[in-house]
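K.L.:
Let me give you the structure first, and then I'll get to my questions.
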Amino acid sequence: MKVGVVGASGYVGGETLRLLVNHPDVEISMVTSRQHVGEYLHRVQPSLKGFTDLTFSELDYDKLTDKCDVVFTAVPHGTATEIVKALYDRGIKIIDLSADYRLHDQAAYDKWYGWEHPHPDYLSKSVFGVPELHREEIKKAQLVSCPGCMAVTSMLALAPLIRNDLIDTDHIVVDSKIGSSGAGSGSGTAHAMRAGVIRPYKPAKHRHTGEIEQELSEIAGHKINVSMSPHAVDVVRGILCTNHTFMKKDIEEKELWKLYRQTYGEEKFVRLIRDKKGLYKFPDPKFLVGSNFCDIGFDLDEDNHRLIALSASDNLMKGAAGSAIQNMNVMCGFDEMNGLRYTPLTPV
Amino acid sequence: MKVGVVGASGYVGGETLRLLVNHPDVEISMVTSRQHVGEYLHRVQPSLKGFTDLTFSELDYDKLTDKCDVVFTAVPHGTATEIVKALYDRGIKIIDLSADYRLHDQAAYDKWYGWEHPHPDYLSKSVFGVPELHREEIKKAQLVSCPGCMAVTSMLALAPLIRNDLIDTDHIVVDSKIGSSGAGSGSGTAHAMRAGVIRPYKPAKHRHTGEIEQELSEIAGHKINVSMSPHAVDVVRGILCTNHTFMKKDIEEKELWKLYRQTYGEEKFVRLIRDKKGLYKFPDPKFLVGSNFCDIGFDLDEDNHRLIALSASDNLMKGAAGSAIQNMNVMCGFDEMNGLRYTPLTPV
Amino acid sequence: MKVGVVGASGYVGGETLRLLVNHPDVEISMVTSRQHVGEYLHRVQPSLKGFTDLTFSELDYDKLTDKCDVVFTAVPHGTATEIVKALYDRGIKIIDLSADYRLHDQAAYDKWYGWEHPHPDYLSKSVFGVPELHREEIKKAQLVSCPGCMAVTSMLALAPLIRNDLIDTDHIVVDSKIGSSGAGSGSGTAHAMRAGVIRPYKPAKHRHTGEIEQELSEIAGHKINVSMSPHAVDVVRGILCTNHTFMKKDIEEKELWKLYRQTYGEEKFVRLIRDKKGLYKFPDPKFLVGSNFCDIGFDLDEDNHRLIALSASDNLMKGAAGSAIQNMNVMCGFDEMNGLRYTPLTPV
Amino acid sequence: MKVGVVGASGYVGGETLRLLVNHPDVEISMVTSRQHVGEYLHRVQPSLKGFTDLTFSELDYDKLTDKCDVVFTAVPHGTATEIVKALYDRGIKIIDLSADYRLHDQAAYDKWYGWEHPHPDYLSKSVFGVPELHREEIKKAQLVSCPGCMAVTSMLALAPLIRNDLIDTDHIVVDSKIGSSGAGSGSGTAHAMRAGVIRPYKPAKHRHTGEIEQELSEIAGHKINVSMSPHAVDVVRGILCTNHTFMKKDIEEKELWKLYRQTYGEEKFVRLIRDKKGLYKFPDPKFLVGSNFCDIGFDLDEDNHRLIALSASDNLMKGAAGSAIQNMNVMCGFDEMNGLRYTPLTPV
Amino acid sequence: MNCPECDATLNIPDDASVGEIVSCPDCGADFEIAKKDGSNVELKQAESVGEDWGE
Amino acid sequence: MNCPECDATLNIPDDASVGEIVSCPDCGADFEIAKKDGSNVELKQAESVGEDWGE
Ligand SMILES: NC(=O)c1ccc[n+]([C@@H]2O[C@H](COP(=O)([O-])OP(=O)(O)OC[C@H]3O[C@@H](n4cnc5c(N)ncnc54)[C@H](OP(=O)(O)O)[C@@H]3O)[C@@H](O)[C@H]2O)c1
Ligand SMILES: NC(=O)c1ccc[n+]([C@@H]2O[C@H](COP(=O)([O-])OP(=O)(O)OC[C@H]3O[C@@H](n4cnc5c(N)ncnc54)[C@H](OP(=O)(O)O)[C@@H]3O)[C@@H](O)[C@H]2O)c1
Ligand SMILES: NC(=O)c1ccc[n+]([C@@H]2O[C@H](COP(=O)([O-])OP(=O)(O)OC[C@H]3O[C@@H](n4cnc5c(N)ncnc54)[C@H](OP(=O)(O)O)[C@@H]3O)[C@@H](O)[C@H]2O)c1
Ligand SMILES: NC(=O)c1ccc[n+]([C@@H]2O[C@H](COP(=O)([O-])OP(=O)(O)OC[C@H]3O[C@@H](n4cnc5c(N)ncnc54)[C@H](OP(=O)(O)O)[C@@H]3O)[C@@H](O)[C@H]2O)c1
Ligand SMILES: [Zn+2]
Ligand SMILES: [Zn+2]
């Protein structure tokens, strides 16, 4: 199958390509960038040196549609509103990595993104790209919107708790920690000022809140509010979400094990991590970098009726390109693990 | 004035010495270690190379009492129960950096530390060493117990909110992030396995909870519970506490400014950080490393009636040795800033 | 094919397993450790969580021989002298990752390792495991000794210069920089004291010198001396060797390109990196982490007739486990790239 | 005394201010920036929050001369040619941190900086600002040029060897490793692409070569060539220079101790580090961050007649602002250590 | 046609015209097409800059 | 008395006895007091080990 990548000079575009060059079922036929047209891919994506002789092309919708069966769009939100629509109208399959088609509700989009969506009627055409939640819809979709990296990590931990109505939905605190690649290549702080930070960068009203609320509300059957605060920490890749929740009535650890096993027992890319021994006791992105896992664990604070659901992922993998490939596999009928059989790199 | 340091081979002992060698009012007369008796200090504390020719001595209470007016104890908790008592009984001033005399209530000690305190009657002799909360008592104390590093950082942010009864005390979530020096030199994980972590290491029931609850309860006049979860991140020094609280009734940012200014306006080691511009918008230990500051800021999440109080410190400074020197200055009538006039090292 | 790993609880053992679980031609039948017998692999090797249900066994030579066609030994040098011999005598194929059978000359071993090799007659039975230099011998070997991580990285850059007699062999300065995983899990410094170092740890007489000298001398046809100095830097994985050499007569860049292309043009795991543009101008382990590449580049300092040959690798991949798998592929007639088709993880 | 800082928004300007706010003999009366005129200093230099209420001014030569007795210029090279001349002509004392007046020879400047110096006649008016080499001249100077950070670190280690004619001057290899703050705030790579590098960024012909050659040649009495290669590593602050030299005739360690003690025994900011025990065996910037030390050590590789002279510094301190303050102290007759009594921050 | 700097095979599109820049896949040297006459192409060097640090 | 390795002044306490280890403040060499006769002290070297990496 032939695939194209729009926004191939960015981190997410690069990671998508890193996975595609080794994917057994696809061939990369076109990659685009505005700034690097004509340049060899490896000049901008050094890890691809030796893997491809492709050069960047301009974004030409007709050529893309001509050359590709599926197109990945990995451009900043706002920008993707037009690109995705243009491709959609040409009938091609699209896997969008931006936030532009994640929210189904126009008002929500306008609130969280601070401008009016130019094509609100297309919002409903898009499937929210978390196979663990929407696998059947993804199979039939023309347009899949990959989730935000912190959003997917958090919601996979919270979903079973919401679905089973176990927690007080007025006090869901999602405290996230994320590495520097999460900011994209376009807006990264220089190393000297970014190294060593533990920086709360948007303690209230972060945009990913919107997606988490959408998905959890859908599961709950009523509107759920989430209190999210993201922090920048000194890693390049990786997310940890500490999801602090308060139990409606006290639950035992054993029931939690059961609940999470029921939900994710068959999932290939969710691992349950809650060990009393060894090096890996709770989810930590350190131990999944380079893989497509979302690791989930939990702990109980009986004094406060608090249930801490912990979840970790690699923001460029399950948080972006890994999810994109997983969605492609589901959409195109490939084995869901193809191109994603990566053991985490440890230690790194 | 002559001072001694017990546990001088550790991180906190070393930091205390780093500050003492440049303190205008003191002379170091004795430092102890079990493992390095007779060895030059700089072999274990490399930064002291060139600053002192002292060697480590055995812990001999009589010699210590003889040679010193004030003794800093920087040994693991448990161990300090005896050492502090022995020194106390000899009538000398003590600044303890362990957790052994922080809690005033024996039951609380036994709960959080998992064993029976051998000298519970001494618990009441100790003053909790946060000058911002207990300056007058510290002036008169023979024994001051320096606070836990995450505890002091968190409580300074929360105290004004509690004192003014602004928040729902059933849902105080303290999500802390701390560097590797916080673990001490005795128990550090090897670099390859510690670098790059975002590791929740005690999501529930961390010991510092006890101190925070003690101090906040005293301020509130009734028992306060705190939901604390600490995380290890990839810095050497530094703590960020994200204190998520829910407001009883909505407050405006302006009132928060007023509240924090009233509380800390005269304090030399508390800075308010909440800027709409520039590089430093919210507290971040990156910008205070090497100094004795506790930086405090806040943000409002009106959707959820959430007030996020943020606080940062250098765990070896305000979180340990800096507080110890500040306490000494208060106890001994020195200028409170002496030996602590350090501008943060930025960038580092 | 059935394989076993001795020393499976270490970093190199773990990385070998990480590659083996995804290798198409093998099945892991036994892994050993002294300290973790009976324990699940993932307790010690967290990244393997979900990939295998194996537990650690004791080192039992008969069982190993019985269950495995090939055994990887990843134990400290010294220790491997006996283990490798015991397995060799049982007729099994061995890929040793320690230094014990790298040197062919007993006197050299005794000099560099500071004790007498107990089985010097076995030294000649071992092939030095760098396929780029000894592929034909490896094909026929029963025992292959994988090279030291800094040694292989350096020698691949220097070999073409020595072979063509281009440089003054009295002034070959190999300045190496390596990450913390190079120290192994048994001897790592704690994070707080290891983070941020640029530490020269053995400026003269490092053991890898012996191997580099052996291999370059064999190529030259006469004894070559090398001036090597390794440095610890703050990464987990990765090596850079800056090989400073002085040219016998001045060479042009174009000739260097030709020389290196001739030598490595057909090699799958050597890339030439010397770019005037883009992010990747000279070898840097940053851009090959997780892959089996050794990247080689060069620069000319005409003022001093100096030719700087630069080489980089991932110490756990090409520097250890990657080479081991590559050697296995060559020994066993598998496609040399099997189990090693990893695109570097960038950024990480 | 009143001082000004031109280029106060950069890293070096910021570090100079960090030292000046605590210097007992000075008052800061004016600081300039082009981009931040009118802005509070702490918006750009977060660590100064709470230390000063100064705002940035435009660069106005008359005002500067009016308000200041000494001016520090911390702007990019090229830019400083005019600024320094303008101030010099107004008769004020200048401490320049750029490279524009370091070289005395116009041809050397033009070669290393790739353009013609517009005021070559001023080159001879400047004293090279290394008190350990030129203290008497600095005392009388109107214009002092602070050395390059890698240059001063390297030359302090090499000077005694050259002065005593101990080494072969055709094969001096200076392999330097430096942190990200060395690149300045104007040109830093984003964290995700800079973290984890071991990057050779200018293996041949780096500009600092010119200064090192100038100073060593002056000491030797004849032209000395130096083979320098700098590398970017993952720290924010710190430089290590591994100076590989070859001895004319073999020397013993004891003689080296003598030589370095004779040279630097009285120097306050040079420490000799060559220990057989403890944590700090050879120079490593880890153990001097935040201080003005240049630490020097050595090792012998008798096999190759190689003498490795090692030297480390904090690039923003001894490598820039620390040297600037030290030079000011010498020029103005203050105690040379004033404002520089900083114990290194360890661990950090 | 080969790269004048490193001798790699240069990939010059048939429809490339005078003034266009071609870049070497291996060494990154940039060349301007100075003349073109059928498959006969003449190149001239274009400049590029490096990083400058630690001063 | 000076350090045999690096010539630094060694600080040997008056009450030091034979068999005791003295360590040099500068170079870290350890010496055992081999003989002692008033202020006449004879030293012999003691061993120490380094870090061993990257193999
Ligand atoms: N980083 C993450 O962890 C992460 C995770 C999940 C989702 N995402 C989302 O993925 C998308 C890409 O993120 P990223 O981190 O890869 O960012 P990035 O590194 O900044 O890359 C963005 C890419 O988009 C291109 N681009 C920018 N503006 C454009 C425009 N107006 N029209 C067309 N192309 C444009 C840029 O290429 P040229 O300038 O060369 O054209 C660039 O390659 C974003 O929507 C982001 O929110 C990121
Ligand atoms: N690290 C922080 O950020 C931090 C912050 C606030 C408070 N604290 C507290 O400060 C204390 C010291 O912490 P640290 O981080 O410096 O730990 P550390 O680096 O492990 O140092 C502990 C010191 O205590 C000595 N010691 C250990 N066991 C002893 C015993 N049984 N009797 C006498 N001495 C003993 C050790 O010296 P020898 O083995 O040489 O005798 C060592 O120097 C602890 O109570 C800790 O909780 C630490
Ligand atoms: N790290 C690198 O980059 C690298 C690169 C190339 C080569 N090497 C070489 O590879 C080998 C392993 O290195 P590493 O970094 O993996 O070290 P490591 O992490 O310390 O692992 C060594 C392993 O050997 C086992 N072991 C130790 N002593 C043993 C004994 N006496 N008998 C049997 N097993 C023993 C240990 O397991 P138990 O204690 O559980 O038995 C441990 O799993 C070494 O020879 C090293 O020089 C390392
Ligand atoms: N970083 C180091 O380790 C180090 C060590 C030794 C020496 N140095 C030298 O110190 C100087 C400053 O370095 P840095 O690292 O601080 O760089 P930086 O962070 O980039 O700062 C340079 C400063 O100069 C100002 N500036 C830039 N162009 C200017 C112009 N044309 N006219 C007037 N002002 C201008 C900028 O301020 P505005 O844009 O706000 O005007 C900026 O604050 C350089 O010459 C550098 O080579 C640096
Ligand atoms: Zn080329
Ligand atoms: Zn000595």
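K.L.:
How much of F:Met1 can a 1.4 Å solvent probe reach, expressed as accessible area in Å² and rounded to 10?
P.N.:
Accessible area of F:Met1: about 100 Å².
K.L.:
If I build a Gaussian network model for chain C, linking alpha-carbon pairs within less than 10 angstrom, which residue out of C:Ile219, C:Ile296, C:Ile198 has the largest mean-square fluctuation?
P.N.:
Sorting by GNM fluctuation, first place goes to C:Ile198.
K.L.:
Any chance you could list the semi-axes, whole Å, largest first, of the equivalent ellipsoid that the Cα gyration tensor gives for chain A, using √(5λ)?
P.N.:
On the way: eigenvalues 210, 96, 76 Å².
Gyration-tensor ellipsoid for chain A: 32, 22, 19 Å.
K.L.:
Report P(r) for the range D:175-262: all Cα-Cα distances, bin width 5 Å, range 0 to the bin holding the largest distance, values in whole percent.
P.N.:
Going out from 0 Å in 5 Å bins, the range D:175-262 shows 3, 11, 16, 19, 17, 13, 11, 6, 4, 1 percent.
K.L.:
Longer than 24 Å from Cα to Cα, which of B:Lys276/D:Lys2; C:Lys67/C:Lys139; C:Lys140/C:Lys223 are they? Say none if no pair is.
P.N.:
Working: B:Lys276/D:Lys2 32 Å; C:Lys67/C:Lys139 22 Å; C:Lys140/C:Lys223 27 Å.
Result: B:Lys276/D:Lys2; C:Lys140/C:Lys223 exceed 24 Å.
K.L.:
Looking at chain C, which longest stretch skips every one of the GluC sites (Glu not before Pro) that is in a DSSP loop with at most 13 other Cβ atoms within 10 Å, leaving the sites themselves out?
P.N.:
That gives C:117-251 as the longest site-free run.
K.L.:
If I build a Gaussian network model for chain B, linking alpha-carbon pairs within less than 10 angstrom, which residue out of B:Val21, B:Val233, B:Val75 has the largest mean-square fluctuation?
P.N.:
Of the options given, B:Val21 has the highest mean-square fluctuation.
K.L.:
Set the Förster radius R0 to 35 Å, insert the Cβ-Cβ distance between D:Glu266 and C:Lys223 as r into 1/(1 + (r/R0)^6), and round the FRET efficiency to 0.05.
P.N.:
0.20
K.L.:
So which chymotrypsin sites (Phe, Trp or Tyr not before Pro) in the range A:112-169 end up in coil per DSSP with only 10 or fewer other C-beta atoms within 10 Å?
P.N.:
Taking the range A:112-169 and a limit of 10 other Cβ atoms within 10 Å, the loop chymotrypsin sites (Phe, Trp or Tyr not before Pro) found are A:Trp115.
K.L.:
Could I ask something else about it? From the alpha carbon gyration tensor of the range A:78-214, can you work out the equivalent ellipsoid semi-axes (sqrt of 5 times each eigenvalue) and give them in Å, largest to smallest?
P.N.:
Numbers: eigenvalues 134, 94, 41 Å².
Rounded to whole Å, the semi-axes are 26, 22, 14.
K.L.:
Separate question: Just add up the charged neighbours of B:Asp335: K/R +1, D/E -1, any other residue whose Cβ is under 12 Å from the Cβ of B:Asp335. Working shown, then result.
P.N.:
On the way: positive: B:Lys268, B:Arg341; negative: B:Asp25, B:Glu336.
Charge balance near B:Asp335 sits at 0.
K.L.:
Once you have the Kirkwood Rh of the range D:89-167 from its Cα pairs, apply Stokes-Einstein at 20 °C and 1.002 mPa s and quote D in µm²/s.
P.N.:
Rounded to a whole number, D works out at 157 µm²/s.
K.L.:
Could I ask something else about it? D:Glu253 label points, 7 Å along Cα→Cβ, one per copy: pairwise distances from this copy to the rest in nm, shortest first?
P.N.:
Values, ascending and in nm: 4.4, 5.2, 6.2.
K.L.:
What FRET efficiency would be calculated for the residue pair B:Glu136, B:Lys67, taking the C-beta separation as r and a Förster radius of 22 Å, to the nearest 0.05?
P.N.:
Numbers: r = 30 Å, r/R0 = 1.35.
Taking R0 as 22 Å, the efficiency between B:Glu136 and B:Lys67 is 0.15.
K.L.:
Mean projection of the alpha-carbon convex hull of the range E:1-44 over all orientations, in nm²? Intermediate values should be presented prior to the final figure.
P.N.:
Working: hull surface 10.2 nm².
The orientation-averaged projected area of the Cα hull of the range E:1-44 comes to 2.6 nm².
K.L.:
Just the ratio, please: alpha-carbon radius of gyration of the range A:193-244 over 2.2 N^0.38 Å, N its number of residues.
P.N.:
1.37
K.L.:
Restricting to the range C:150-313, compute how many DSSP beta bridges are antiparallel as a %, nearest 5.
P.N.:
Antiparallel bridges: around 75 percent, rounded to the nearest 5.
K.L.:
In degrees between 0 and 90, to the nearest 10, how far off the longest principal axis of chain B does helix B:79-89 point, with axes built from Cα atoms?
P.N.:
Taking Cα atoms only, the helix is inclined about 70 degrees.
K.L.:
What percentages make up the Cα-Cα pair-distance distribution of the protein assembly as shown when the bins are 10 Å wide from 0?
P.N.:
1, 8, 15, 20, 22, 18, 11, 4, 1, 0, 0
K.L.:
May I have the pair-distance distribution P(r) for the range C:121-174, computed from all Cα-Cα distances with 10 Å bins from 0 and rounded to whole percent?
P.N.:
Using 10 Å bins, I get a P(r) of 22, 42, 29, 7 for the range C:121-174.
K.L.:
Continuing with the same structure: Give the dimensionless ratio obtained when the Cα radius of gyration of the range A:293-348 is divided by 2.2 N^0.38 Å.
P.N.:
Working: Rg = 15.6 Å, N = 56, 2.2 N^0.38 = 10.2 Å.
Working it through for the range A:293-348, the quotient is 1.54.
K.L.:
Taking the Cα atoms of the range B:150-313 alone, what are Rg (to one decimal) and Dmax (as a whole number) in Å?
P.N.:
Looking at the range B:150-313, its Cα Rg and Dmax stand at 15.8, 47 Å.
K.L.:
Counting DSSP beta bridges in the protein assembly as shown, what percent are antiparallel, to the nearest 5? Please list the in-between numbers first.
P.N.:
Details: 132 of 248 bridges.
Looking only at bridges with both residues in the protein assembly as shown, the antiparallel portion is about 55 percent.
K.L.:
Follow-up. From the label point of D:Gln35, set 7 Å along Cα to the beta carbon, how far off in nm is each other copy's matching point, shortest first?
P.N.:
Distances between equivalent label points, in nm: 1.6, 4.6, 4.9.
K.L.:
Give the angle, between 0 and 90 degrees and rounded to the nearest 10, that separates the Cα long axis of helix C:322-332 from the longest principal axis of the Cα atoms of chain C.
P.N.:
70
K.L.:
Please compute the net charge surrounding A:Ser29, taking Lys and Arg as +1 and Asp and Glu as -1 over other residues with Cβ under 10 Å from its Cβ.
P.N.:
Net local charge, A:Ser29 excluded: 0.
K.L.:
log10 I(q)/I(0), Debye, Cα-only the range D:1-123, no solvent, q = 0.15, 0.20 Å⁻¹?
P.N.:
Each listed q corresponds, in turn, to -0.67, -1.06.
K.L.:
Here's a follow-up. Along Cα→Cβ at 7 Å, what distances in nm separate the A:His119 label point from those on the other copies, shortest first?
P.N.:
Spacings between copies for this position, smallest first, are 5.9, 6.9, 7.5 nm.
K.L.:
Test of understanding: in a Gaussian network model of chain A with alpha carbons linked when under 10 Å, which of A:Pro24, A:Pro200, A:Pro285 would top the mean-square fluctuation ranking?
P.N.:
Of A:Pro24, A:Pro200, A:Pro285, the Gaussian network model singles out A:Pro24 as fluctuating most.
K.L.:
Under the Kirkwood approximation for Rh and a Cα-based Rg, what ratio Rg/Rh is obtained for the range D:247-348?
P.N.:
1.03
K.L.:
I want to check the label-to-label distance for A:Ser187 and C:Thr79. Put each point 7 Å from Cα in the C-beta direction and report it in nm to one decimal.
P.N.:
Spacing of the two 7 Å Cα→Cβ label points: 4.9 nm.
K.L.:
Further question: Taking the rotation axis that maps chain C onto chain B, which residue of C brings its Cβ closest to that axis, and at what distance in whole Å?
P.N.:
Reported as residue, whole Å: C:His191, 2.
The values are calculated or read from the model by the stated rules, or taken from the named source; none is laboratory data. Computed from a predicted model, the values in this text were never measured in an experiment. Neighbour counts run over all protein chains shown; Cβ positions are idealised from the backbone, glycine included. Areas reflect the complete protein model, heavy atoms only, side chains present, ligands, DNA and RNA absent. Shrake-Rupley method; radii C 1.70, N 1.55, O 1.52, S 1.80 Å.
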